[in-house]
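Below: the structure, in structure tokens.
Computed from the coordinates by the stated procedures, all read-outs in this text should not be read as laboratory data. The structure presented is a predicted model; accordingly, all values stated were derived computationally and were not measured. Note: ideal-geometry Cβ built from the backbone for every residue, glycine included; neighbour counts use all protein chains shown.
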Amino acid sequence: MLPRIADSLSFLYLDIVRVVQDDTGVCAEITSVDRGTETVYLPTAALGCVLLGPGTSITARALATLARHGTTVVIAGAGGVRCYAAVLPDSLTTVWLERQVRVWADDTSRLAVATAMYEQRFGRGTAPAGSNFAQLRGFEGDRVKALYRLLAQQHRIGRFRRNYDPKSWDTQDPVNLALSSANTCLYGIVHAAILALGCSPALGFIHSGNQQAFVYDIADLYKAELTIPLAFSLHSSPYPEAEARRGFRDGLQLFRLLPRIVADIQRLLAPEQQMATPDPEEQLVDLWDPVSGVLPGGVNYSTEQTL
């Protein structure tokens, strides 16, 4: 029996290895000058997602085994940051994707999720009852500016203004460079977690019109704790981008971000209950019915009597 994502989710990051399938299972071959080639077997059935970093190659047999075990394979940047592409297994359940679509498609429930995201960032009760999207954007802008002012005072760097302009990248100050770099890393991690759950990165509740809209929604939940303080701490760094990426990777160990992302997504999409993710080995393809909702697949529903 494969572990459910809700019960046992693990992510494995690999780089500078060759992933192959032998008679025993899937393994990573690590070659070095001192030790030659070492083989490490991967617990494919227990992995929710494998992040393949730079210098990694994988065989078709190994990729097929990961897919059969329901493991999402993500092509990532160094340290597991930046998500370039992903291979999703056919056995990946659509339970959370369907839940996301239902909540996203209804204006009332979409606003409720957006409000819950806002209150998770700034505290319960910070969004008055009946607030609309425009008011939430205003509340967010005020509090983010207040956080910028506080951190600027703590680091004695004077007035700070957030500026992201890819066309004038080199003219930006170290804090803006570090913040943009760290946020890009954060987006990669969030993207990988969303894919591992089977959700759509494109269906955002606050952001819209981009294939990473939901990624931006979820990433915003952690910026005040992880990327913004890190960026301000690098205000005098001569290499803010590189140090932001390294600092972000180091901070992930203590922050336990990946399991937290999954738990937060599940809570936001299903606040009234903890929806279990079915075991892919036990789940058949269901049939949709406008009256009954979901009917079991693999059943002959013919109304004719057998002769």
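Bridge orientation summary for the chain: considering DSSP beta bridges with both residues in this region, about 65 percent are antiparallel.
Compute the signed sum of charges (Lys and Arg +1, Asp and Glu -1) over the other residues within less than 11 Å, Cβ to Cβ, of Ala182.
On the way: positive: Lys223, Arg245, Arg246, Arg249; negative: Glu241, Glu243.
Neighbourhood net charge equals +2.
Between Ile75 and Arg161, the FRET efficiency estimated from the beta carbon spacing at R0 = 25 angstrom works out to 0.10.
Does the chain come out rounded, prolate or oblate, given a ≥ b ≥ c as the square roots of the eigenvalues of its C-alpha gyration tensor, rounded meaning a/c under 1.5 and, failing that, prolate meaning a/b above b/c? Don't jump to the answer; show the numbers that get you there.
Working: a/c = 2.69, a/b = 1.21, b/c = 2.22.
Taking the square roots of the gyration eigenvalues as a ≥ b ≥ c, the chain is oblate.
For region 95-269, rounded, prolate or oblate, judged on the Cα gyration tensor with a ≥ b ≥ c (square roots of eigenvalues), a/c < 1.5 rounded, else prolate if a/b > b/c?
On the way: a/c = 1.98, a/b = 1.47, b/c = 1.34.
Prolate, since a/c reaches 1.5 and a/b exceeds b/c.
Rounded to the nearest 20, the Cβ-based charge dipole of the chain about its Cα centre (Lys and Arg +1, Asp and Glu -1) stands at 1420 debye.
With contacts defined as alpha carbon pairs under 8 Å and 6 or more residues apart, what's the relative contact order of the chain in percent? Present the calculation step by step, with values, prior to reporting the outcome.
Working: 468 pairs, mean separation 54.5, N = 307.
Over the chain, the number comes to 18 percent.
Taking a Cβ cut-off of under 13 Å around His235, the surrounding Lys, Arg, Asp and Glu residues balance to a net charge of 0, with basic ones at +1 and acidic ones at -1.
Membrane-span-like helices in the chain: DSSP H runs reaching 30 Å or more (Cα, own axis), mean Kyte hydropathy at least 1.0? Don't jump to the answer; show the numbers that get you there.
Details: long enough: 133-155 (33 Å, -0.43); 174-197 (35 Å, 1.34).
Span-like helices here: 174-197.
Judged by the ratio a/c of the largest to the smallest principal axis of the C-alpha gyration tensor, region 11-87 counts as oblate, that ratio being 1.5 or greater while a/b is no larger than b/c. Taking the Cα centre of region 71-122 as origin and assigning +1 to Lys and Arg Cβ atoms and -1 to Asp and Glu Cβ atoms, the resulting dipole is close to 160 debye. Comparing Gln154, Ala178, Ala213 along the charge dipole axis of region 144-225, the residue lying farthest to the positive side is Gln154, per the Cβ-charge model. Annotation: the residues Lys223, Lys167, Lys145, sorted from fewest to most other C-beta atoms within 10 Å of their own C-beta, follow the order Lys167, Lys145, Lys223.
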